[in-house]
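Scroll down for the structure; my scribbles are underneath it.
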Amino acid sequence: MIKKLFKNKNLNLIIGTVIVAIMVLFMLVGIFAIPYESTDISASLKFAPMSLEHPFGCDNFGRDILSRVMEGTIATFKVALGTVIIGTFFGIIIGGVTGYFGGIIDEVLMRVIDAVFAFPSILLALLFISILGSGTYQVTIALGIAFVPSFSRIVRAEFLKAKNMDYVRMARLMGASNIRIMFVHILPNIYPVLISSIMIGFNNAVLAEASMSYLGIGVQPPEPSLGRMLSEAQTYIFKVPNYALFPGIAVILLILGFSLLGDALGEK
Amino acid sequence: MNNIVTVNNLTVKFSNRKSAFSKKVTKTVLDDVCFEVREGEILGLVGESGSGKSTIAKAILKLVPYEGEIHHESDNPQMIFQDPYSALNPAKKVGWLFEEALYLKGEKDSLVRKAKALEMIQMVGLSEEYLERFPRELSGGQRQRVCIGLALMQNPKFLIADEAVSALDVTIQAQILELLKELHDKMGLSILFISHDLKVVYNLCQRVMILKSGKIVESGEVKEVYTNPQHEYTKQLLSSVF
């Protein structure tokens, strides 16, 4: 199947894969061979310019920006991944149950989802953070919950469409249980839709994490995150533009790569 | 001859509210229908659109709520649907679908399942390679063959074919009907054949029932009904075809 995808010379797919591969490589280097400790402070290196020792330069505490971008990308990626996993998991369960069974469960759950959906997801995440407290895990959970409504709506719509198809009736006649029909018979049919919405969700999660950290409630200092770095760099944007530039590029590449890949996989 | 399905006083009503505050509107789709399907026969069910043909099928398979009595001799009745495009799961290969039918029947040995799937695909006149294909890679006639094979996979005694050939063009229709006849003879199936096409019913069925607005207006041996129709509606139907 993968071979077939590449044969079509799908440009989105090729570019997306290359960018994602670069970002994954970048993060792997960050995990296994990070050049400097990302929290090491050095007064003599304050705002050191780009050089061979510090390719991206140093920040206001003399910390190596390259290392911090690496660790920040990892932190952001972790939060986004966790968010998407939580959102997709509960989205599939809630959307599947409401779409497939309908009736009172559907009415009740969907009204709850509607109420949750009425809040902008960032605002909702802020609400959860005020309950859970700030920190990486709390942000992941809060964003994950905020992402459940949109996923469950997409899944519900697909299940609604599928449950009246004859192949579902046929499976029922043959004695398949509801759970088996939902997850073995219907779910594979919604993979294309699910993959694109997961990719879109992932991108939104990257942005949301960056804005949460920008507001100072995500990843806690001194641990780096792309959003935090952008917010700190704001003060020095004219003096040291590279401080803001590289975390910004990392965010853009992360989002661009995954959205191109999502587009290509969703097309088919 | 034993009856494989006996239907007594079957009544199906659908009620619907036009809006949340208006009164329920009840529509009687089937009104006091009685018939039986004998073992090993092909029973035709003919009627115009909206006469309740498919509702009878759904009631027998317990897919709609009904009043009255439906008695089954066979434990796993199966159905062939009208539209072969929505009756096969588009995400699964033909072989998987065949094996799933056996798995659901309780066959845990995957080698046995594979062997039986191979046997069935040949029985419906397709070659082994079709097991590896997705439904979208098949033509309408091939799909309907797969649907028939799938319905027969659990070895049912009773089969409902709801407009099974109506979506196909005439030459393919003839092939599928031939296949259905052949499988009927080979496996000793009883079939309830639902159609609006009088010619097809004449060629395939031993007995026929004519349905009009939820009531059976005439039934009997095909030759008898076709040569000597009693009811006004039957006469009209026949004169429109022959």
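What follows is calculated from the coordinates using simple rules that are stated; it is not laboratory data. Predicted model only: the values in this text are computed from it and were never measured. All Cβ positions, glycine included, derive from the backbone under ideal geometry; neighbour counts span all protein chains shown.
Taking amide H as placed 1.01 Å from N in the peptide plane, the amide H of B:Gly40 sits under 5 Å from that of B:Ser190, each at least 5 places away or on another chain. Here the gap between B:Asn8 and B:Glu119, fully extended at 0.36 nm per residue and compared with their Cα-Cα distance, gives a gain of 36.2 nm. When the Cα centres of segment B:116-162 and segment B:51-74 are compared, how far apart do they sit, in Å? Centre-to-centre (Cα) distance: 25 Å. Taking 11 Å as the cut-off, the amide N atoms of segment A:67-85 that come nearer than this to a point 7 Å along the Cα-to-beta-carbon line of A:Val29 belong to A:67, A:70. Here's how it looks for A:Gly57: its modeled amide H is under 5 Å from those of A:Ser51, A:Ile65, A:Leu66, which are all 5 or more places away or on a different chain. One compactness figure for segment A:221-263 is 1.34, namely its Cα radius of gyration divided by 2.2 N^0.38 Å.
For B:Lys186 and A:Leu127, the FRET efficiency from 1/(1 + (r/R0)^6), where r spans their Cβ atoms and R0 equals 51 Å, is about 0.15. Distance distribution note for chain B: the fraction of Cα pairs above 31 angstrom is 27%.
Expressed to the nearest 5 percent, the antiparallel share of DSSP beta bridges inside chain B is 55 percent.
Against the main long axis of the alpha-carbon atoms of chain A, helix A:191-214 sits at an angle near 30°. Charging the Cβ of each Asp and Glu at -1 and of each Lys and Arg at +1, and nothing else, the dipole of the protein assembly as shown about its Cα centre rounds to 560 debye.
Placing pseudo-labels 7 Å out from each Cα toward the beta carbon at B:Ser213 and B:Gln236 gives an inter-label distance of 0.9 nm. When the pairs B:Lys92/B:Lys215; B:Lys62/B:Lys105; B:Lys18/B:Lys92; B:Lys157/B:Lys199 are compared against a 29 Å limit on Cα-Cα distance, B:Lys92/B:Lys215; B:Lys18/B:Lys92 fall above it. Using the alpha-carbon atoms, what tilt in degrees (0 to 90, nearest 10) does helix A:136-163 show relative to the longest principal axis of chain A? Its long axis makes an angle of about 30 degrees.
Based on Cα contacts under 8 Å between residues 6+ apart, chain B shows a relative contact order of 27 percent. Ordered by the count of other Cβ atoms within 10 Å of each Cβ, fewest first, A:Tyr137, B:Tyr66, A:Tyr214 give A:Tyr137, A:Tyr214, B:Tyr66. About the centre of its Cα atoms, chain A shows a dipole size close to 1000 debye [charges on the beta carbon of Lys, Arg (+1) and Asp, Glu (-1) only; nearest 20 debye]. Provide the net charge surrounding B:Gln82, with neighbours chosen by a C-beta distance below 10 Å and charges set as Lys +1, Arg +1, Asp -1, Glu -1. Overall, the nearby charge balance is -4. Value of Rg to Rh for segment B:135-242, rounded to two decimals, is 1.00; Kirkwood radius and Rg both from alpha-carbon coordinates. Using Cα positions and a limit of under 15 Å, work out the aspartates and glutamates in reach of A:Lys46, with same-chain residues fewer than 8 apart set aside. A:Lys46 reaches A:Asp59, A:Asp64, A:Glu232. What shape does the protein assembly as shown have by the C-alpha gyration tensor, where a ≥ b ≥ c are the square roots of the eigenvalues, rounded means a/c under 1.5, and otherwise prolate means a/b greater than b/c and oblate the rest? Here the protein assembly as shown falls in the prolate category.
Each part reduced to its alpha carbon centroid, segment A:167-196 and segment A:96-120 end up 20 Å apart. For segment B:87-242, the Cβ-based charge dipole about the Cα centre amounts to some 260 debye (Lys, Arg positive; Asp, Glu negative; other atoms uncharged).
For the cross-link pairs B:Lys23/B:Lys53; A:Lys161/B:Lys181; B:Lys24/B:Lys58; A:Lys163/B:Lys13, the ones whose C-alpha atoms lie over 25 Å apart are B:Lys23/B:Lys53; A:Lys161/B:Lys181. Neighbour counts of other Cβ atoms within 10 Å put A:Ile86, A:Ile14 in the fewest-to-most order A:Ile14, A:Ile86. Projecting the Cα atoms of B:Tyr226, B:Ile80, B:Asn203 onto the charge dipole of chain B (Cβ charges, centred on the Cα centre) puts B:Ile80 farthest toward the positive pole.
Size descriptors for segment A:115-268, from the alpha-carbon set: Rg then Dmax equal 20.1, 72 Å. Once both axes come from the Cα atoms, what is the angle between helix B:110-123 and the longest principal axis of chain B, in degrees from 0 to 90, rounded to 10? Rounded to the nearest ten degrees, it is 60. The value obtained for segment B:83-155, namely the Cα convex hull volume divided by the number of residues, is 77 Å³ per residue.
Size descriptors for chain A, from the alpha-carbon set: Rg then Dmax equal 21.7, 76 Å.
Of interest is the spacing of the C-alpha centroids, which for segment A:22-54 and segment B:194-220 amounts to 82 Å.
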